[in-house]
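The values are calculated or read from the model by the stated rules, or taken from the named source; none is laboratory data. Nothing here was measured: the structure is a model prediction, and the numbers come from that model. Every residue, glycine among them, receives a Cβ derived from its backbone with ideal geometry; neighbour counts consider all protein chains shown.
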Amino acid sequence: MSVEQALAVLDANWTGTHTLPATGLYPHQWSWDSGFIAIGLRHHRPDRARRELQSLLDAQWSDGRIPQIVYDVSRDDDYAPGDAFWRSRSIAGAGALPSSGLVQPPNHALAAWLVHQADPAGSDRAGFLAAMHPRLIAWHAYLRERRASTHVPGLAVVKHPWEPGTDNSPLWDGALARVPATPSTTIRRPDLAHASAGERPGGREYARFYWLAERYRDLGCDDTAPFPFAFACPMFNALLASSERALAAIAEHLGLEPGEHLERARAIEAALESLWHDELGCYVALDDVVGTLVAAATVNGLAPILLGGVRARRLASTALGPRFLGSARHLPSYDATAEDFDPALYWRGPSWFSMSWLVLRGAEAIGHSALASVVRRTFARAAPAFPEYVDPFTGAPRGTRSFSWTAALAIDVAVAGPDA
Ligand code: 2M8
């Protein structure tokens, strides 16, 4: 993997204020993409890493939410749903920039702390952490207060399959079956010009995605109203816990009290235990509308290894076992032994660099060199295409190419030591 090639991808996708996930398929700013991108940018472009996160937080809503997408209205025809769908300017409390009303996984405080650590002097000179801190506090408060799980206190819920970022994961299948496939919006699929239909969610899923998004938009994105889709996702909550730990480090750096953040991180970690599935050897998702667990092994359920907690060694064995790396060369997003596993279809089988990065970080945190070395091999194969995802068996590129978080995280793995 050549760092120069990866930097060239990030330079080409840079707009002047943020980095596009990919210039064709994803022509706007995406929330957790910016987090991962900043983590890679910090090593060679620390100014830009800070700018990446600041520009995202400029779109924060008054209730603290950081939106899933910040739209470039000049490219509204190139991706759907766009600004014309959300019309966020007409929603009370929406941020100053046109955006989606949904959210994405909270990797931002973790990213901010890692960005700071790569260039502490530059960060302090720019007042980076001092500016980020209150906004990150408000973001976590939004998730804690407005997105609290009904069934497991301490966990936050997602209200749309776009929110955990793993859109068509089998975790949501059962709940989506309860959602009407009758949106009133005419669905456009500009994404299919950039990735083949067999590698993107299908029409039936899109109809339900739209129906749910319309419902949320028409409620004014108000979280006090009952909503027909709500999940506690183990990956989303593991990132929240990890980001609470990062907020503790940020608070300490700013001379503030870190204790409440550490306490919150511990509370989320303890609450995650309700999602543990011993037979599968991983965490699963909780359908918070009906109060039941979805017994499917996905990379979302391995992600809490990131926290290096009591289950981390068991998660490492599962990751190396038959459902994942025991049968595939690159970490699959879904149980490779499942009947409906598909090595090409988006979040239903392919291997994603973001998830491999989370698992690698966990493997390194617990000193599991066997798992770490297998996952590191995936990053060595990222160049020169820097694909969005790969076939977990062959490593063949899938989805769009020159994908920013692939390039950014490949840099991070190439440059950063285990504790960076
Ligand atoms: C994918 O999600 C978008 C909707 O947000 C899409 O399917 O069009 C997911 O992979 C998500 O995790 C990612 O943030 C986004 C942009 O890369 O693309």
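Contact annotation: residue pairs with Cβ atoms under 7 Å, 6 or more positions apart or on different chains, pairing a residue in segment 147-170 that is among the polar types (S, T, N, Q) with a partner that is in a loop (DSSP other than H, G, I, E, B) and away from the ligand (no atom under 12 Å from the Cβ), are 149/155; 149/157; 149/288; 150/288. For segment 44-56, which residues satisfy the criterion of being buried (at least 21 other Cβ atoms within 10 Å of the Cβ) and more than 15 Å from residue 15 (Cα to Cα)? The answer is 46, and nothing else.
When you scan segment 23-36, do you find a residue that is in contact with a helix residue (DSSP H, G or I) (Cβ under 9 Å, 6 or more places away or on another chain), surrounded by fewer than 23 Cβ atoms within 10 Å (Cβ to Cβ) and over 26 Å from residue 190 (Cβ atoms), even just one? No: zero hits. Across segment 373-392, the qualifying residues are those that are in contact (Cβ under 8 Å) with a residue 24 or more places away in the chain and part of a helix (DSSP H, G or I), and the one among them that is farthest from residue 22 (Cα to Cα) is 374. Just to be sure before I move on: is residue 173 surrounded by 12 or more Cβ atoms within 10 Å (Cβ to Cβ), touching a Leu at 6+ places or on another chain (Cβ under 7 Å) and outside any loop (DSSP other than H, G, I, E, B) in the structure I sent? Taking the combined requirement at face value, the residue does not satisfy it. Of the set (1) within 15 Å of residue 268 (Cβ to Cβ); (2) surrounded by fewer than 17 Cβ atoms within 10 Å (Cβ to Cβ), all apply to residue 152 but (2). Anything in segment 1-31 that is within 16 Å of the ligand (Cβ to nearest atom) and in a loop (DSSP other than H, G, I, E, B)? List them, or say none. 13, 15, 18, 20, 21, 23, 24, 25, 27, 28 - these are the residues of segment 1-31 that are within 16 Å of the ligand (Cβ to nearest atom) and in a loop (DSSP other than H, G, I, E, B). Are any residues in segment 32-67 within 16 Å of the ligand (Cβ to nearest atom) and charged (D, E, K, R), and if so, which ones? Selection gives 33, 52, 65. If you go through segment 400-420 and keep only what is part of a loop (DSSP other than H, G, I, E, B), touching a Leu at 6+ places or on another chain (Cβ under 8 Å) and modelled with pLDDT of 95 or more, you end up with just 400. Candidates 157, 152: the one that is more than 22 Å from residue 246 (Cβ to Cβ) and more than 16 Å from the ligand (Cβ to nearest atom) is 152. For segment 251-280, a residue qualifies if it is in contact with a Phe, Trp or Tyr (Cβ under 8 Å, 6 or more places away or on another chain) and touching a residue at least 40 places away in the same chain (Cβ under 8 Å), and the qualifying residues are 272, 275. No other residue among 361, 348 is within 15 Å of the ligand (Cβ to nearest atom), among the basic types (Lys, Arg) and closer than 28 Å to residue 34 by Cα apart from 348.
Every condition in (1) buried (at least 19 other Cβ atoms within 10 Å of the Cβ); (2) more than 22 Å from residue 139 (Cβ to Cβ) holds for residue 69 except the one numbered (2). Just one residue in the set 81, 105 is farther than 25 Å from residue 193 by Cα and buried (at least 20 other Cβ atoms within 10 Å of the Cβ); that residue is 105. Looking across 181, 207, 195, 225, one residue alone is assigned to a loop (DSSP other than H, G, I, E, B), within 15 Å of the ligand (Cβ to nearest atom) and either small (Gly, Ala, Ser) or within 28 Å of residue 145 (Cα to Cα) (or both). It is 195. One residue stands out among those in segment 366-383 that are under 20 Å from the mean Cα position of the chain (by Cα) and more than 16 Å from the ligand (Cβ to nearest atom): the one that is surrounded by the fewest Cβ atoms within 10 Å (Cβ to Cβ), which is 376.
The single condition among (1) farther than 19 Å from residue 103 by Cβ; (2) buried (at least 17 other Cβ atoms within 10 Å of the Cβ) that residue 254 does not satisfy is (2). For segment 244-336, the helices (runs of 4 or more DSSP H) that sit wholly inside it and include 1 or more residues that are touching a Ser or Thr at 6+ places or on another chain (Cβ under 8 Å) are 259-272, 299-302. Here 149, 123 are screened, and the one residue that is among the polar types (S, T, N, Q) and in contact with a strand residue (DSSP E or B) (Cβ under 8 Å, 6 or more places away or on another chain) is 149.
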